[in-house]
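Undergrad: This is the structure I want to talk about, given as structure tokens.
We did not get these values from a lab; they are worked out from the coordinates using the rules stated. All figures in this text were calculated on a predicted structure; none of them were measured in a lab. Cβ: placed from backbone, ideal geometry, glycine included. Neighbour counts: every protein chain shown.
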């Protein structure tokens, strides 16, 4: 009975590694939106999504800083919906209002914790990896 469990674990581990590798390859694709004017915050926010799943990424934005947030899923633009909400769940930005643009550039007037919520545009994809990169202006 131990061997079937080991085989199943091996298969699941292999699938998980393949999914992670797909997400990793999207980081470079997404980084192209951080032009030479922006420096990455050094993190990549990733989640594997299916159907109507929503991934949430928490970060803090600092007063007086100009940011660019880029969101990618797959090798084509406009497949990932993202919005930025404050602690009270007020929507600060939604790319749905801008033809699901793959990035947004903005400056914050006050330091604040925010949540970036991502989901797939189900009209374009039913599963994929959500990848977010955040850069700040030099």
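Undergrad: Computed FRET efficiency, Cβ-Cβ of residue 24 and residue 62, R0 22 Å: what is it to the nearest 0.05? Don't skip to the answer; put the middle values down first.
TA: Values: r = 27 Å, r/R0 = 1.24.
Taking R0 as 22 Å, the efficiency between residue 24 and residue 62 is 0.20.
Undergrad: Given a Förster distance of 25 Å, report the FRET efficiency between residue 122 and residue 94 from their Cβ-Cβ distance, rounded to the nearest 0.05. Can you show the working numbers first?
TA: Values: r = 16 Å, r/R0 = 0.64.
Approximately 0.95, to the nearest 0.05.
Undergrad: Moving on to the next point. If we count other beta carbons within 10 Å of each Cβ, what is the order of 106, 136, fewest first?
TA: Values: 106 13, 136 17.
Starting with the residue having the fewest Cβ neighbours, the order is 106, 136.
Undergrad: Set the Förster radius R0 to 41 Å, insert the Cβ-Cβ distance between residue 54 and residue 111 as r into 1/(1 + (r/R0)^6), and round the FRET efficiency to 0.05. Mind dumping the intermediate values first?
TA: Values: r = 25 Å, r/R0 = 0.62.
E(calc), rounded to 0.05, equals 0.95.
Undergrad: Sort 61-67, 79-85 by the packing proxy (mean of other Cβ within 10 Å over each peptide's residues), most packed first.
TA: Details: 61-67: 13.7, 79-85: 21.4.
Ranked from most to least packed, the peptides come out as 79-85, 61-67.
Undergrad: Fewest first, what order do 56, 105 take by the number of other Cβ atoms within 10 Å? Display every interim value, and only then the final one.
TA: Numbers: 56 11, 105 15.
Lowest count first: 56, 105.
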